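A quick write-up on the structure given underneath.
FYI, it's all coordinate maths here, none of it is from the lab. Computed from a predicted model, the values in this text were never measured in an experiment. Every residue, glycine among them, receives a Cβ derived from its backbone with ideal geometry; neighbour counts consider all protein chains shown.
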Amino acid sequence: MSLRIYNTLTRATEPFSPIESGHVRMYVCGMTIYDLCHIGHARMMMAFDVVQRWFKASGLRVTYVRNITDIDDKIIKRAVERNITIRALTDEMIAAMHHDIGLLGIEPPSLEPRATEYVPQMLHLISTLADKGLAYQASNGDVNYAVRKFPGYGKLSGKSLDELRAGERVAVQDGKDDPLDFVLWKSAKPSEPQDAKWNSADYGRDFGVGRPGWHIECSAMSCQTLGDTFDLHGGGADLQFPHHENEIAQSEGANGKPLANFWVHNGFVRVDNEKMSKSLGNFFTIRDVLTQYDAETVRFFLVRTHYRSALNYSDVHLNDARTALKRLYTALALVTPAPVAAIDWSQPLAARFKEAMDEDFGTPEAIAVLFDLASEVNRTASPEMAGLLRALGGCLGLLQNNPSEFLQAGAGLDEAAIAALIDERSAAKAARNFARADAIRKDLLSQGIALKDSATGTTWEAVQQ
């Protein structure tokens, strides 16, 4: 294959070849479900939506696993605050997530395992680590991972144990042998609701009543669904350390095999030069944003920046995305695109698109090709070029809507009123009453309607006020 991907583990862009010929197995750390998803979450899911789409466009079969964390401190706290069960809360939030990201055209993964469905596998993995001397039960009942006993700790993040020691700010607490150790099994607290507790004895283990720690969830779910070693593990850059580092320690400590051949991390969404996050209170939910912008504009905004780069969120950038996307749809509105059964990758513009995407999913360069194609359509009115434009856009989940409907969406007037004014303007022009014709054009523009005259008649589109 010609595809090359930046591998966080090696800090280099490397040729990608799946372990099983023709079949990619990829795992992405998904959402902790206690609230609505924000644009930062959408950026992560969009990045890997594009990744799996390009694998498929390259002729590969994809098994894409994106998990759901449906048990943790924040979930328990929110369920208690609302006086509902944990399952009721997580079912509600999962449905909301599916609805919101579905509007953005983010395709569902092949599998979407929930952490609470894999507690037996987690307990088995913890037992294996304990048997190998990599885990111990502390005096407070928690089972912890002994970080210093895993020789490869720090290889993903590039952090050495010496650096981590130097960065220690807290004394050993909660029964840990070392501040670097992390929890695998959290002993239940009397104040926690009953549906946040599992009795490990029910699964033949002796760790007492409790629940899994966060990191062990993904080790258990990824290996159970994809095998001990799979092709690609992804997630946000904030997960590189400690979450993904800890996954490696758990999984490889248990079975001695590499967890994933490629580690891929997307960049942050930033607001005023700070990472968007719920803890900082500077987040915008997907639902909030979709009250102001159409879903495809939001998708285009997320896709046109390279997945590893930071993405700056602002109305200015979203307005610019809408304007740019309209340029592509304006070209598609000129001529009916010819159907494309299969993309001819030897065609020069298609070859450029493929070259861009094959170099670490280079969407900025690929989108530049779409604009070159749009210029070609504008110049030639070629149905074949319009068909190629739509087909290549489809590789990114773009340009699949009806061009006229997209361009006219958000109009302040209804279509009948606009059509009547266009007819009146045409009659005024025919009567050489150009002052009236010009007044109609200006009046419509003041209401967000731009008229476009051509040899075949007058069309219109909604414009940003």
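Brief remarks on what is shown
- Note on Arg87 and Leu111: with the Förster distance fixed at 22 Å, the Cβ-Cβ geometry gives a FRET efficiency of about 0.65.
- Antiparallel DSSP beta bridges within segment 20-266, as percent of all bridges there, nearest 5: 40 percent
- Relative protection proxy for 101-113, 308-320, 356-368, from highest mean packing down: 356-368, 101-113, 308-320 (other beta-carbon atoms within 10 angstrom).
- The orientation-averaged projected area of the convex hull spanned by the Cα atoms of segment 20-266 comes to 13.7 nm².
- Per-pair calculated FRET efficiency, R0 = 51 Å: Ala409 and Arg148 via Cβ, rounded to 0.05: 0.30
- Two-site label geometry, Lys74 and Asp178: point separation in nm, points 7 Å out along Cα→Cβ: 2.9 nm
- Over all other residues within a Cβ to Cβ distance under 13 Å of His233, the charged ones net out to -3, with Lys and Arg as +1 and Asp and Glu as -1.
- For Ser139, Ser160, the sequence from fewest to most other C-beta atoms within 10 Å is Ser139, Ser160.
- Each part gets one Cα centre, and for segment 421-436 versus segment 75-149 those centres are 66 Å apart.
- In segment 117-255 the Cα-Cα distances spread across 10 Å bins starting at 0 as 12, 42, 35, 11, 0 percent of all pairs.
- The orientation-averaged projected area of the convex hull spanned by the Cα atoms of segment 289-339 comes to 4.6 nm².
- Cα-based Kirkwood hydrodynamic radius, the chain, one decimal, Å: 24.9 Å
- Cross-link partners for Lys257 among the aspartates and glutamates, with Cα-Cα distance under 14 Å and sequence neighbours closer than 8 places in the same chain left out: Asp228, Asp231, Glu247.
- Lys197/Gln400 FRET efficiency (R0 60 Å; Cβ-Cβ; nearest 0.05): 0.80
- Total formal charge among the other residues, if their Cβ is under 12 angstrom from that of Ala431, Lys/Arg +1 and Asp/Glu -1: +3
- Backbone N under 15 Å from the Asn312 label point (7 Å along Cα→Cβ), restricted to segment 365-398: none
- Each peptide among 214-220, 322-328 gets the average number of other Cβ atoms lying within 10 Å of its residues, and from highest to lowest they stand as 214-220, 322-328.
- Label positions at Asn433 and Thr380, each projected 7 Å from the Cα along the C-beta direction, are separated by 4.4 nm.
- Relative contact order for segment 118-267, counting Cα pairs under 8 Å that sit 6 or more residues apart, in percent: 27 percent
- The C-alpha atoms of segment 274-406 occupy a region whose extents along the principal axes are 49, 34, 23 Å, arranged from largest to smallest.
- Sorted by Cβ density within 10 Å, fewest first, the residues Ile94, Ile86, Ile418: Ile94, Ile418, Ile86
- Projected label distance in nm at Ala342 and Ile94, using a 7 Å step from Cα toward the beta-carbon: 3.8 nm
- Per-selection Kirkwood Rh - segment 199-320 (Cα, Å, 1 d.p.): 17.3 Å
- Cross-link pairs exceeding 26 Å between alpha carbons, from the set Lys149/Lys197; Lys132/Lys155; Lys77/Lys186; Lys74/Lys132: Lys149/Lys197; Lys74/Lys132.
- Radius ratio Rg over Rh of segment 1-131, counting only Cα atoms, Kirkwood formula for Rh: 1.03
- Within the straight-line cut-off of under 16 Å between alpha carbons, the aspartates and glutamates reachable from Lys176 are Asp142, Glu168, sequence neighbours fewer than 8 places apart in one chain being disregarded.
- Full-extension gain in nm, Arg287 to Thr229, via 0.36 nm per residue minus C-alpha separation: 17.2 nm
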